[in-house]
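I have placed the structure first, in the form of structure tokens, so that the comments after it can refer back to it.
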Amino acid sequence: MLKSDARVSPVAVTDPDSTGDKAAPDEERFVELSGPPDLLPLWFERGLVVAIASVVFFGAFGLLMAVLGHFSVLPVFLVGAVGTAIASVLAWPRRKSDGPAPRAVRFPAIGMCVIALGFLVWNGVENGHYVSVDRDPGIYAATGKWVASNGTLEVQAGKTWTAKGGEFNWASIGMYPESDGQLEFQFNHLAPVLFAEGEIIGGDRLLFAMPALLGALGLCAVFAVGCRLVRRPWLVLAAVTALALSLPQMSVARDTYSETTAQLLLWSGLWLLLTAYERRRLGVAPLAGMAVAGTLLSRVDALVYLIPLPILAVVTLLAARSSEDRRFLWRMYAAVVLGALPITVLGTVDLMYRTGGYYAALNSQIALLRIGFAASTVGAVALLVVWPRLDALRRWTEQRRSTLGAVAASVAVIGLLAAWTLRPALQHSRAVVNSTTATLQASEGLLLDPSRTYDEQTMNWMAWYLGAIPLAFAIVGIGLLLLRLIRRPTPAIALLLAVAGLGTATYLWTAQITPSQIWAMRRYVPAALPFLVLASAFAIDAGLSLLPKLGLSQSRTRLIPIAAVVPVIAFPLGVALPVRNFQSQSGFLSVIDKTCDTVGHDAAVMFVPDDRLGLTLSQTMRSYCGVPATKLTQGISAERLKAIAGSWQAEGRTLWVLGSTPEVIAQSTPGLSPKLVGKAVNTLHLDETLSRPPTTYSTEAIQVYAAKVTG
């Protein structure tokens with residue numbers, strides 16, 4: 001077992017989930033923890049376990065049913081409830097004493113709940129209603145609405161139109177065509193399934209609030225991991241508060257993104273893995289495996305977080321102090337795999353067969369991640385076989401732990417500082433030409449180079465949203481974490497650096513996303529931003545531990561922690577405050593609802609050519625109004641229009657023509673009298689930038705005109 005320098009918490013082997021036979025009192029074994037014992041109140045841990053199990057089982061079984069095309073309320077909610085209950089019982093947190101936790105532990109946990117609730121309320125109230133299927137949030141929301149109403153991930157968009165002629169284009173942004181006029185939704189589908197379940201329970205209001213709810217739970221999971229890492233819970237609370245106030249975290253919580261789902265599952269999985277290992281709880285391990293693997297259901301790139309796990313598992317096994325420890329570890333690993341395997345299979349099937357076009361487009365990048373995981377697995381097996389035979393190397397490393405730790409820490413700190421200060425001056429990263437980049441460069445007066453990725457600016461991006469001082473704390477904290485990992489390794493440090501650290505390093509090197517702000521910061525929400533704020537808390541905690549040795553007066557000793565924590569919270573808050581009321585497509589949902597009411601449930605909707613609404617609202621009409629929708633590829637005559645309307649009328653539907661202005665409708669479909677259905681102007685959309693964080697709002701608008709066609 002990895003050695004811990006913290007206090008020791010007794011966990012008897014007679015615990016129902018423990019392994020081994022009942023030991024005599026003088027032979028009772030103890031489990032060394034990576035932080036202070038009982039660092040979280042039982043009520044907090046139990047609530048978090050139930051929340052994690054709910055997301056895993058309701059989400060995974062709902063996704064399975066959607067993949068099979070049979071998503072429906074009763075079986076999904078019944079199986080989800082039963083699975084949640086069973087997993088919660090198996091992983092139920094318990095200790096020798098169920099008495100109240102000390103105030104130093106209880107108050108930060110209560111504070112965390114207050115912060116999470118405030119995060120949910122603030123971002124749930126200010127959330128956007130992204131109904132236009134032109135970027136990721138609109139695609140996720142439309143998928144969720146479709147699953148809730150139709151129980152499947154398949155959209156039969158074209159078959160009914162092709163029978164009526166060849167001048168129709170039913171394609172939509174964010175969707176891939178299949179045979180027989182069928183469309184499939186882009187991306188992994190766990191988040192949309194969770195949104196669908198929110199829609200079923202609470203309608204559109206809860207659907208659009210689900211990211212804020214998942215984000216609030218994700219903050220609690222980050223707090224739980226942080227409390228296994230940092231000895232002062234109030235410092236963890238300050239760090240997670242800074243994360244909650246950061247503009248990127250708020251951004252993904254106010255729109256229907258998948259990042260809050262990935263964040264919750266990743267950090268929940270890390271916490272559960274630590275719990276299973278430190279407390280010898282096999283009952284926790286399957287849920288830990290399901291949570292970690294659950295990230296694969298939400299993000300196509302989530303495998304990057306799992307790559308280090310085989311190596312880490314073998315290192316932990318090699319560090320075990322006894323054969324009994326090794327036997328437990330093998331059992332724990334088996335239980336983790338037992339939970340992870342079905343989730344991994346489900347995620348693979350969903351990706352390959354329910355979003356095949358998306359999978360094909362990213363196949364080369366996915367292949368690299370799979371190669372990385374395979375290499376990690378092979379390397380782990382090789383290490384397990386070879387390391388016990390390398391006596392000389394083992395002795396050499398043991399004798400030089402302090403030196404190796406200092407070298408690793410120095411390299412990390414110097415490298416991160418260089419990436420922050422020197423890399424922007426020495427490197428201008430480029431890839432394929434990006435029209436969005438070109439547009440923003442022109443609007444900001446920057447040198448026109450649409451191939452720029454701005455990857456060299458990633459450390460500056462962190463400083464923009466977290467602050468220069470907190471980022472400096474984080475860099476120092478990463479160095480200290482590496483130093484501790486090599487000198488006196490603990491499970492929490494090893495897991496944090498291996499999983500979150502690798503994911504952070506990967507995307508700090510190359511963001512692989514359009515570099516506009518705040519859009520690009522999505523990459524850093526699941527792992528990097530939580531990792532950096534916890535690293536900053538670790539650095540402050542280490543510094544506070546040195547204060548008694550400095551001989552400072554009591555008044556100064558009290559002021560120094562406050563002086564250290566204030567910038568950690570103040571910087572993110574200062575960035576967010578000027579644009580605190582931002583919303584995407586505010587008011588747009590009311591226009592869509594009016595359109596649905598106007599055309600009715602027995603309509604067929606046709607958008608005119610040369611009008612962007614045809615690409616951005618066709619699937620919106622299908623998902624929100626439940627009507628067939630398409631776009632004309634060319635203008636048609638009044639006679640042809642009436643013929644199409646007559647064909648639909650024979651099927652009991654009324655044809656409607658939609659467009660953004662009366663003029664575009666008149667140009668392509670003569671003889672109609674379009675009327676304004678609804679118009680919305682959102683003045684709270686975050687301004688898109690390249691050279692700074694958003695500090696102002698921009699304006700976006702939607703208007704829909706409709707004309708009824710009689711056969």
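The values are calculated or read from the model by the stated rules, or taken from the named source; none is laboratory data. Keep in mind that this is a model prediction, so the values were computed, not measured. Ideal geometry is used to build each Cβ from the backbone, glycine not excepted, and the neighbour counts take in all protein chains shown. These area figures cover heavy atoms from the full protein model, side chains too; ligands, DNA and RNA do not enter into them. Shrake-Rupley method; radii C 1.70, N 1.55, O 1.52, S 1.80 Å.
Some values worked out for this structure:
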| item | result |
| --- | --- |
| For the chain, cysteines whose Cβ has no other cysteine Cβ within reach (under 4.7 Å) | Cys113, Cys220, Cys227 |
| Cα radius of gyration and Dmax for region 354-443 (Å) | 21.7, 63 |
| Furthest towards positive pole of dipole, Asn188, Gly151, Gly203, structure part the chain, Cβ charges | Asn188 |
| Built amide H within the under 5 Å cut-off of Ser429, gap 5+ | Thr453, Tyr454, Asp455, Glu456 |
| Hydrodynamic radius of region 96-170 per Kirkwood, over alpha carbon pairs, in Å | 17.4 |
| Helix-derived mean residue ellipticity, 222 nm - over the chain, DSSP H n ≥ 4, -39500 (n - 2.57), to 500 | -19500 deg cm²/dmol |
| Three-way shape label, region 234-358, alpha-carbon gyration tensor, a/c 1.5 | oblate |
| Contact order relative to length of region 250-336, as percent, for alpha carbon pairs under 8 angstrom and 6 or more apart | 31 |
| Per-residue ³J(HN,Hα) for region 521-538, Karplus 6.51 cos²θ - 1.76 cosθ + 1.60, θ = phi - 60°, Hz, x for Gly and Pro | 6, 3, 4, 9, 6, x, 10, 5, 5, x, 4, 5, 5, 5, 5, 5, 5, 5 |
| Positive dipole terminus of the chain, leading residue within Ser660, Leu272, Ala645 (C-beta point charges) | Leu272 |
| At 0.890 mPa s and 25 °C, Stokes diffusion of region 183-303 via Kirkwood alpha-carbon radius, µm² per second | 161 |
| Å³ per residue enclosed by the Cα convex hull of the chain | 163 |
| Rounded to the nearest 10 Å², the accessible area of Cys113 at probe 1.4 Å | 50 |
| Sites matching chymotrypsin sites (Phe, Trp or Tyr not before Pro) across region 35-78 that sit in DSSP coil, with at most 11 neighbouring C-beta atoms within 10 Å | none |
| From phi via Karplus (6.51, -1.76, 1.60), per-residue ³J(HN,Hα) for region 117-123 in Hz, x at Gly/Pro | 5, x, 4, 4, 5, 4, 7 |
| Region 376-472: relative contact order as a whole-number percent, Cα under 8 Å and 6+ apart | 21 |
| Size of charge dipole - region 575-711 - debye, nearest 20, with Cβ of Lys, Arg +1 and Asp, Glu -1, no other charges | 80 |
| Per-residue HN-Hα couplings for region 189-200 [Karplus 6.51, -1.76, 1.60; θ = phi - 60°; Hz; x = Gly/Pro] | 10, 5, 4, x, 5, 5, 5, 4, 5, x, 4, 5 |
| Prolate/oblate/rounded call for region 322-471, Cα gyration tensor, a/c under 1.5 rounded | oblate |
| Three-way shape label, region 238-294, alpha-carbon gyration tensor, a/c 1.5 | oblate |
| Relative contact order %, the chain, counting alpha carbon pairs below 8 Å whose residues are six or more apart | 16 |
| Solvent-accessible ranking of Tyr705, Tyr507, largest area first, probe 1.4 Å | Tyr705, Tyr507 |
| Beta bridges per DSSP with both ends in the chain, % antiparallel, nearest 5 | 75 |
| Cβ-based charge dipole, region 630-711, positive-most Cα from Ala680, Pro694, Leu632 | Leu632 |
| Nitroxide proxy distance, nm - points 7 Å out along Cα→Cβ at Ala334 and Val114 | 4.7 |
| Computed magnitude of the charge dipole of region 475-594 (debye, nearest 20; Cβ of K, R +1, Cβ of D, E -1) | 300 |
